[in-house]
1. Determine, for A:V118, A:V34, the number of other Cβ atoms within 10 Å of each Cβ, and report the residues in order from fewest to most.
2. In whole Hz, with x marking every Gly and Pro, tabulate ³J(HN,Hα) for the stretch B:5-16 from phi via Karplus 6.51 cos²θ - 1.76 cosθ + 1.60, θ = phi - 60°.
3. Which order do B:M127, A:M5 fall in if you start with the one that has the fewest other Cβ atoms within 10 Å?
4. Can you tell me the orientation of helix B:55-70 relative to chain B, as the angle in degrees between its alpha-carbon axis and the longest Cα principal axis, to the nearest 10?
5. Go through the stretch A:113-129 residue by residue and turn each phi into a ³J(HN,Hα) via Karplus (6.51, -1.76, 1.60, θ = phi - 60°); whole Hz please, and just put x for glycine and proline.
6. By how many degrees, between 0 and 90 and to the nearest 10, does the Cα long axis of helix B:20-30 differ from the longest principal axis of chain B?
7. When a footprinting reagent is the concern and you count Cβ atoms within 10 Å, what order do B:M54, B:M38 take, fewest first?
8. What number comes out for the charge environment of B:P49, summing +1 per Lys or Arg and -1 per Asp or Glu over other residues with Cβ under 12 Å away?
Amino acid sequence: MHEPMTFLITEEMRSAVGSELVRQTAPPIAPSDVRRWALACYYPEHPPLRFLDGPEQEVPEEFNPFAWHPAVALARDPSMSVLDRLESGIGLPRVATSHGVHGGIRTRYLARMHVGQVLERVWTLEGYTEKQGRTGRLLFTVIGDRWADVDGSPVRHSELTIVRY
Amino acid sequence: MALDLRIDGELPAFWRRTDFENWNRFAAVNDEFVAIHMDDGAGQAAGLPGAIGMGNLQLSYVHMLLREWIGGRGEIREVALRFRDPNLRGQVLHVGGRIAAIDERADETEVEVELRVESDAGVQTAMGSALVVISASPEP
């Protein structure tokens, strides 16, 4: 079958599909982080009390315990996006795009998170596609994002799509 | 009170006026200090009308919609959200959902919800779906 011509996707990029991009362990989920998350997301309304405090404090499903991960925050390079940096980490040259936006996400929740829990995540490069947009070529990158408790029990599986142009 | 489960039933919608005061707070908790979310000039340099809101904040909004509707009677199993037009400063976002499918089982009911986030002007900033499971257990 004839492969469509691509302008942004290289053979190197195709060969890298399936690669692990990052593996991280988050600090234990802290009550204050959950409280701040809820206050920020529900602003300007008050979040449900169950997210704010107490021995039964709940963690919102979409809470991100990997935010402010030291490995990401300290390695920040203002000249590169997070994805550009991850791809360079597996030896890929920087793609010929200048900007990127969040294209979408699909998440399956397998277990609720809880305060004190320690989670691990693995990002894998799932695939590349490209198409012509109104002002130029668009590169779609799909990232697999799997979270699990340190005991191995799965917590959530996601697919993120990043659009670069 | 039991949930009113019927095809095409609407979830209780809510709205948010979105601008830096929302985006800055979210950036602080999600470490999402990206130029296009903080500066109109950076947004314009990226080919956008100005600074734009985070897709991840809209993702949180649809979770809030689902949680409020479920009210402790079940759980969110899946959420899929695709971002369309950018969320611009000052836009009022209306977050809503419609019941698209109902699958009643012995011990739970699986409900598929079509999700939407759109501005006052009818611009759709995000659309997607969710799978929610409502427990057959007594009311909380």
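What follows draws every value from the coordinates through simple rules; no lab data is involved. All of these numbers come straight from a predicted model, not from anything done at the bench. Quick reminder, even Gly has a Cβ in these numbers, built from the backbone with ideal geometry, and neighbours come from all protein chains shown.
1. A:V118, A:V34
2. Those phi angles translate into 9, 8, 4, 6, x, 9, 6, x, 7, 9, 10, 9 Hz.
3. A:M5, B:M127
4. For B:55-70 against chain B, the angle is about 20 degrees.
5. 7, 9, 4, x, 6, 10, 10, 10, 10, 10, 9, 10, 7, 8, x, 10, 9
6. Around 70 degrees separate the two axes.
7. Working: B:M54 22, B:M38 16.
Ordered from fewest to most neighbouring Cβ atoms within 10 Å, B:M54, B:M38 come out as B:M38, B:M54.
8. Numbers: positive: B:R89; negative: B:D40, B:D85.
Neighbourhood net charge equals -1.
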